[in-house]
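Presented below is the structure to which this report refers.
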Amino acid sequence: MIRRDIIDLLTVTPGKKFKLKDQNPGWKQSEEFADFGKEALKEKAKEVLEKNLEDLAGAQDLLYADGRYSVLIVLQAMDAAGKDGTIKHVMSGVNPQGCQVFSFKKPSTEELQHNFLWRYSKCLPERGRIGIFNRSYYEDVLVVKVHPELLGRQLPREKEKLGKKFWAKRYEDINAFERHLTRNGTVVLKFFLNVSKEEQKARFVERLSRPEKYWKFSTSDLTERGFWNDYMAAYEDALAATSTKWAPWHVVPADYKWITRAVVADIITTAIHGLELRYPQVSEEQQKLLEEARIKLAAE
């Protein structure tokens, strides 16, 4: 497992100032890592991931059997940061029946007729299950903040001003929403996959040079890249305002996929183990019936 002090380096401390520029998207998160060396660190990350994948499968089984909690994993990132790959690798060992993934695209006409949290509320995981939001309600304080024209009819008043107070209210709504979830048994785990602009460019170039990856590239990806600084400012504000004790943000280095996957897997597994789950206990009467059933089957 990854040491707690290392995870703390990647966690946005609630109530304190936060600057994205202080977060390294690569592998040199500390002097200790730099001294350790890239290849040694990569090998260690591989070991951590393999161990967590094994543990996560068992943890998910216990989560389902216990039936008191659910886990919501929120993944946010710029294009090409590795959200899809993270889901594929980290959740590769879990039972598909106990895991649901939702990727939110452009909202429909019906969804726009409701408040901005409505379409996400419908997709929350049931008790005993893991739910993954590949992009989430945070798009409404990220993409929409960068492109306020997308608000459209979401504004309750024609003259609503899109200043700091407007976005502060949205952050407040999100915090209250997540507080409600955690109070009712949903563990909210939030990850911002922190990819550098240089690495995003390299991944875009790779997609454009491999026919089998053409489908993953859209001209809109390049358009949105032109708003990089605006997005970084929006992320910085959102992460600082919505990292809470009940649902803190983890800023995960994403320039190297082996670091991303190891960190995300470790945090998820540790969180589920921390719930002190247990298999349902049977009464003496139920135990007696089970024993009778066992004897009957053995006698066939």
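The values are calculated or read from the model by the stated rules, or taken from the named source; none is laboratory data. Being a predicted model, the structure only gives us computed values, none of them experimental. No Cβ is skipped: glycine too gets one built from the backbone with ideal geometry, and neighbour counts run over all protein chains shown.
Of all residues in the range 95-114, those that are free of Cβ contacts under 8 Å to residues at least 40 places away in the same chain, surrounded by 13 or more Cβ atoms within 10 Å (Cβ to Cβ), assigned to a helix (DSSP H, G or I) and of a type outside the set (G, A, S) total 1.
Say we look at the range 253-300 and pick out the residues that are in contact with a Pro (Cβ under 7 Å, 6 or more places away or on another chain) and of a type in the set (V, I, T); which of these is surrounded by the fewest Cβ atoms within 10 Å (Cβ to Cβ)? Per the criteria, the residue is I259. When we screen G67, G98, G37 for residues that are in contact with a strand residue (DSSP E or B) (Cβ under 8 Å, 6 or more places away or on another chain) and farther than 30 Å from H147 by Cβ, the only hit is G98. Residue count for the range 107-126 satisfying the condition of being over 16 Å from G185 (Cα atoms) and either touching a Cys at 6+ places or on another chain (Cβ under 6 Å) or among the aliphatic types (A, V, I, L, M) (or both): 2. Total residues in the range 31-82 satisfying the condition of being assigned to a helix (DSSP H, G or I) and either closer than 26 Å to T182 by Cβ or of a type in the set (A, V, I, L, M, F, W, C) (or both): the figure is 22. Is the range 146-158 home to any residue that is at pLDDT 90 or above, assigned to a helix (DSSP H, G or I) and within 26 Å of L20 (Cα to Cα)? Yes, the range 146-158 has at least one match. On inspection, H250 qualifies as crowded, with 18+ Cβ neighbours inside 10 Å and closer than 30 Å to R179 by Cα. The one condition from (1) modelled with pLDDT of 95 or more; (2) buried (at least 16 other Cβ atoms within 10 Å of the Cβ); (3) not hydrophobic (A, V, I, L, M, F, W, C) that K216 does not meet is (1). Just a yes or no: is a residue in the range 194-202 hydrophobic (A, V, I, L, M, F, W, C), over 27 Å from V90 (Cβ atoms) and more than 22 Å from the chain's Cα centre (by Cα)? No: the range 194-202 contains no residue that is hydrophobic (A, V, I, L, M, F, W, C), over 27 Å from V90 (Cβ atoms) and more than 22 Å from the chain's Cα centre (by Cα).
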